[in-house]
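Please read the structure below before turning to the comments.
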Amino acid sequence: MPRDPVLRGPEPGDEPPDPSESARSRAEPADGIDDGFDLDDDRLDDRLRPLSLDEVVGQTKVVDRLRIVLEAARLRGDPLSHLLLDGPPGIGKTTLAMVLPRELGVDVQITSGPSLTAPKDLLPYLTNASRGSVLFIDEIHRLPPTVEEFIYPAMEDFRIDITLGEGLNARTINMPLEPFTVIGATTRSGMLTAPLRDRFVNREHLDFYDVDDVIEIIRRNAKKLKTELEEGAAVAIARRSRGVPRKANNLLRWTRDFADAGRHPAITDALAAEALEMLEVDPIGLDSLDRKYLQALAGVFGGGPAGMQAIAHSMNIAGETIEDEVEPFLLRVGFVQRTPRGRMITAAALSHLGLTLDGESDQSQGQLFD
Ligand code: ADP
């Protein structure tokens with residue numbers, strides 16, 4: 001299996017790449033065919049990603065703790081302790097995982113749980129890890145058990161046990177590794193086995209951002225994209241971003257495309273409002289997938305209770321997408337309730353969308369919302 005590249009730490013005098021240049025060239029398909037607008041397309045993210053801890057907006061408690069861990073590692077000349085980052089998609093886990101080795105000036109290798117199907121897939125990463133370098137494993141909750149067991153001694157004692165031969169002739173070789181750091185990222189920390197979780201000395205949870213932090217991220221990224229953005233436009237985009245920087249980036253990109261296509265030099269408040277309306281993201285950030293979910297719950301399941309998989313099936317969409325990207329926000333804004341018998345729509349959701357519970361009598365509605 002081809003390995004992902006090893007990224008070198010920064011050299012003195014390194015210039016950060018020009019974000020506007022590559023963002024534009026990557027955003028425009030070479031064949032001129034637009035593959036449609038995808039709210040979760042993160043082709044631009046590498047260019048908008050903060051390069052140092054100072055550029056990371058919000059998550060102040062997490063950042064403060066990471067600064068201490070970094071400083072201690074620097075002073076002692078030790079590798080960073082293994083770190084687990086958990087939180088919803090697009091919240092900054094990869095960003096932090098890339099910033100830390102950059103701050104330390106060490107190499108980083110990148111892989112992900114699903115691409116490591118057997119210990120042999122992990123082996124080259126471990127043997128290539130230089131002293132103090134970082135191995136970033138995205139979606140670490142999806143590591144197969146055999147790979148998980150293989151990584152334990154690597155993380156704990158910086159050694160691996162390799163079995164050669166079979167049956168009576170089998171021998172186990174103990175191979176030492178350079179001390180290195182695993183940074184794991186997961187959207188489902190609950191799915192991690194206890195032994196794996198315990199091997200992470202530092203564990204940080206990244207939470208949704210408040211609107212002010214998202215506004216700040218949008219302002220900074222508009223500058224990186226060399227786009228002029230009015231204050232009201234930044235606020236309107238932030239309100240629709242659901243506290244998720246990746247969503248903010250993508251909405252910013254869309255409004256910028258909208259402005260560019262109309263030959264407008266800046267994203268004004270009015271232009272942003274028009275662009276966001278066209279995207280069908282409503283003022284509190286509900287997108288068409290959220291509405292489809294709520295409509296299915298209200299229409300097909302009479303408001304619930306309904307199992308998550310059943311709702312996902314009726315929408316013809318993966319259960320994981322619903323669980324990771326739709327429900328957390330709907331639960332947060334109080335549009336859905338999780339009960340032992342399944343998901344239920346709330347009165348707030350029905351009134352926000354102007355929906356009724358198809359096929360439900362007044363009496364059962366009363367029971368639902370009492
Ligand atoms: P995750 O790994 O959690 O899915 P990412 O780290 O890829 O999320 O974040 C997506 C994008 O959001 C980044 O490329 C970056 O532009 C932006 N971003 C995320 N967190 C921050 C932050 N704290 N400050 C500034 N930008 C951020």
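The values are calculated or read from the model by the stated rules, or taken from the named source; none is laboratory data. Since the structure is predicted, the reported quantities are computational estimates derived from the model, not experimental observations. Because the Cβ atoms are built from the backbone with ideal geometry, glycine has one as well, and the counts that use them run over all protein chains shown.
I'd like to check something: does the stretch 166-182 contain any residue that is within 16 Å of the ligand (Cβ to nearest atom), in contact with a strand residue (DSSP E or B) (Cβ under 6 Å, 6 or more places away or on another chain) and either modelled with pLDDT of 95 or more or of a type in the set (S, T, N, Q) (or both)?
Step one: list which residues in the stretch 166-182 are within 16 Å of the ligand (Cβ to nearest atom), which gives 182.
Subsequent filtering for residues that are in contact with a strand residue (DSSP E or B) (Cβ under 6 Å, 6 or more places away or on another chain) retains 182.
Imposing the further condition that a residue be either modelled with pLDDT of 95 or more or of a type in the set (S, T, N, Q) (or both) reduces the set to 182.
There is at least one residue in the stretch 166-182 that is within 16 Å of the ligand (Cβ to nearest atom), in contact with a strand residue (DSSP E or B) (Cβ under 6 Å, 6 or more places away or on another chain) and either modelled with pLDDT of 95 or more or of a type in the set (S, T, N, Q) (or both).
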I want to confirm something. Restricting to the stretch 183-209 and keeping residues that are within 12 Å of the ligand (Cβ to nearest atom) and of a type outside the set (Val, Ile, Thr), which single residue is surrounded by the most Cβ atoms within 10 Å (Cβ to Cβ)?
Gly184
What are the residues in the stretch 203-220 that are assigned to a helix (DSSP H, G or I), out of contact with any Pro (no Cβ under 8 Å at 6 or more places or on another chain) and over 16 Å from Asp282 (Cα atoms), if any?
Asp212, Asp213, Ile215, Glu216, Ile218, Arg219, Arg220
In the stretch 100-113, which residue that is of a type in the set (Val, Ile, Thr) and part of a strand (DSSP E or B) is nearest to the ligand (Cβ to nearest atom)?
Ile110
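Inspect the stretch 230-241 for any residue being under 17 Å from Thr95 (Cβ atoms) and assigned by TED's automatic domain parsing to the domain that holds Ala273 and give the result as yes or no. Quick ask: steps written out before the conclusion?
Of all residues in the stretch 230-241, those under 17 Å from Thr95 (Cβ atoms) come to 241.
After this cut, where a residue has to be assigned by TED's automatic domain parsing to the domain that holds Ala273 as well, the list is 241.
Taking every residue of the stretch 230-241 in turn, at least one turns out to be under 17 Å from Thr95 (Cβ atoms) and assigned by TED's automatic domain parsing to the domain that holds Ala273.
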What single numbered condition from (1) within 14 Å of the ligand (Cβ to nearest atom); (2) assigned to a loop (DSSP other than H, G, I, E, B); (3) among the acidic types (Asp, Glu) fails to hold for Asp64?
(2)
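Condition (residue is part of a helix (DSSP H, G or I) and among the hydroxyl-bearing types (Ser, Thr, Tyr)) applied to the stretch 239-251: is it met by at least one residue?
The initial filter retains those residues of the stretch 239-251 that are part of a helix (DSSP H, G or I), namely 239, 245-251.
Add one more test, that the residue is among the hydroxyl-bearing types (Ser, Thr, Tyr), and what stays is none.
For the stretch 239-251, residues part of a helix (DSSP H, G or I) and among the hydroxyl-bearing types (Ser, Thr, Tyr): absent.
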Run down Leu44, Leu123, Leu83, Leu104 and say which single residue is at pLDDT 95 or above and outside the structural domain of Arg246 (by TED's automatic domain parsing).
Leu83
Which ones in the stretch 80-89 are within 16 Å of the ligand (Cβ to nearest atom) and on the phi < 0 side of the Ramachandran plot?
Leu83, Leu84, Leu85, Asp86, Pro88, Pro89
Tell me yes or no: at least one residue of the stretch 143-156 is among the β-branched types (Val, Ile, Thr), buried (at least 20 other Cβ atoms within 10 Å of the Cβ) and within 14 Å of the ligand (Cβ to nearest atom).
no
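Let's see how each residue does on (1) among the acidic types (Asp, Glu); (2) within 20 Å of the chain's Cα centre (by Cα); (3) within 14 Å of the ligand (Cβ to nearest atom):
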| position | (1), (2), (3) |
| --- | --- |
| Val56 | no, yes, yes |
| Asp78 | yes, no, no |
| Ile91 | no, yes, yes |
| Met98 | no, yes, yes |
| Ser115 | no, yes, no |
Taking Tyr293 and the conditions (1) in contact with a helix residue (DSSP H, G or I) (Cβ under 8 Å, 6 or more places away or on another chain); (2) within 16 Å of the ligand (Cβ to nearest atom); (3) of a type outside the set (Asp, Glu), which numbered condition does it fall short on, given that it satisfies the others?
(2)
Which one of the conditions (1) out of contact with any helix residue (DSSP H, G or I) (no Cβ under 8 Å at 6 or more places or on another chain); (2) of a type in the set (Val, Ile, Thr); (3) under 24 Å from Pro79 (Cα atoms) does Ile183 fail to meet, given that it meets all the rest?
(1)
